[in-house]
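Take a look at the structure below.
The values are calculated or read from the model by the stated rules, or taken from the named source; none is laboratory data. Being a predicted model, the structure only gives us computed values, none of them experimental. Here the Cβ positions follow ideal geometry from the backbone for every residue, glycine too, while neighbour counts run over all protein chains shown.
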Amino acid sequence: MPQQKIGQAGLWMAGWLSATLAMTIVGRELAHSVSVFEMMMFRSLIATLILTPIIFLNGGLTGRLSQLRLHAARNVLHYAGQYAWFSALLLIPLVEVIAIEFTMPLWIAILASAFLAESVAIRQAARLRLASLLIRLGLAHRASEVLEVASAAPATQ
């Protein structure tokens, strides 16, 4: 991979990290005075304002609505996940919220191995990393279950 692409990937990751941390802190502070539905409304409004010009600069809605049921199902699941995330912000310490958010690359690796037929070795590495995170979060009883599953699966790479 050329160095230019690695730098670009680093910038995207830094942008994702900044946006995620900002959303976490703002959501936690707003949750004391604003309902979760209102936070979701403002989040959707801001996203619409940001994404609308991008959509129209890239050809508009032509051809994007061919799988309307799939889009609707994805939106319902996304909304439910975001609602649960905003609701949970007040229930656990901020450090744990951020630690759990950093597991997203692990979940991507696990789901990629399940849906894209990636190798078992990738799945084992992801499970080991997830187990180490669970230990750090004080959930060692769950980590032992993850490690048992990882050791039972045969390595292909």
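List of remarks:
- Any hit, segment 63-80, residues being closer than 21 Å to Leu17 by Cβ, out of contact with any Gly (no Cβ under 8 Å at 6 or more places or on another chain), assigned to a helix (DSSP H, G or I) and in the same structural domain as Ile25 (by TED's automatic domain parsing): yes
- Residues in segment 56-86 that are at pLDDT below 85 and small (Gly, Ala, Ser): Gly59, Gly60, Gly63, Ser66.
- Residue match in segment 134-147 (condition: at pLDDT 70 or above and either among the small types (Gly, Ala, Ser) or surrounded by 17 or more Cβ atoms within 10 Å (Cβ to Cβ) (or both)): no
- A Cβ distance below 9 Å, combined with a sequence gap of six or more or placement on separate chains, defines the contacts here; from segment 41-55, residues that are more than 14 Å from Ala19 (Cβ to Cβ) reach residues that are in a helix (DSSP H, G or I) in the pairs Phe42/Leu30; Ser44/Tyr79.
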